[in-house]
Amino acid sequence: MYPVETVSVPEKFQRPVDLARAHGLSTQAIRNYEAAGILPDAERTDSGYRRYTALHAAALDAFVALVPGHGHQAATEILRAVHRGAVDDALRIVDEGHAQLLEDRRTVQAVEAALQDLRPVPQGRGDTFVGPLSRRLGVRPATLRKWERAGVVQPGRDPRTGFRVYSAADVRDALLAHQLRRGGYLLRQVAPVIAQVRSAGSVEALEAMLGDWRARLTGRSRAMLAGAAALDAYLRLRER
């Protein structure tokens, strides 16, 4: 039970428990957020109790709204930047989130374009090795070997040297896997999809995954809009 103040606190002030209840949080979470710089420093009563204002409530509104679109860490950095007077830094983090969202949308489009070109690929000796393929994808050779262990790619071996040799079909699989990994899918999710598209044109699972991916991007985009509105309201209140 929160201790009762012995002094009269103006109605415009809120106790930690009041702020916590209004946002579905614990009083300890409110104290933690203040300590982390997510909330501005609270005033104290003569007896040492924190008292929060509409400004603190708006800061908490902004943080809670920013988390779904930007994540907890980025939302924290945004509010910390605001509270140290570096609003430009805060807005840069917001811009970076939108830039990443745009890149993710382009990734979805790239996978969709790859699907349109998906067709049976004749099996035969390939001429692509792990080094050139890893450079093309921008990943380490160890990553390709990890994908191989997960069943995402199945390169053959040069009979003379024992080196891995990636056929045209293997390269196609690697490109699709790379796009899906960029979209946030785990290897255990990617491997069954690649296994299905490996046989000529079985792309239903990948199309379903793309539909889910687009829906999540739309949700994130809407969350970013809500976060931006709450942050703007907080900044306007601070200016007043």
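Overview of values
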item	result
Cβ-Cβ FRET estimate between His72 and Leu175, R0 fixed at 41 Å, reported to 0.05	0.80
Inter-site label distance for Asp212 and Glu43 at 7 Å from Cα along Cβ, in nm	5.1
Residue (of Thr27, Pro40, Leu66) at the positive-pole extreme of the stretch 6-114, dipole from beta-carbon charges	Thr27
Computed lengthening from Arg240 to His98, 0.36 nm per intervening residue step minus Cα-Cα distance	48.4 nm
Theoretical gain in end-to-end length, Ala229 to Leu91 [0.36 nm per residue, Cα-Cα removed]	48.4 nm
For Val165, residues with placed amide H under 5 Å, excluding near neighbours	Gly156, Arg157, Asp158
Cα-only Debye scattering, the stretch 32-112: base-10 log of I(q)/I(0) at q = 0.16 Å⁻¹	-0.66
Highest to lowest packing among 174-180, 100-106, scored as the average C-beta count within 10 Å	174-180, 100-106
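Bear in mind these aren't lab numbers, they're just calculated from the coordinates by the rules spelled out. As the structure is a prediction and not an experimental result, all values here were calculated from the model. A quick note on method: Cβ atoms are made from the backbone with ideal geometry, for glycine too, and the neighbour counts reach across all protein chains shown.
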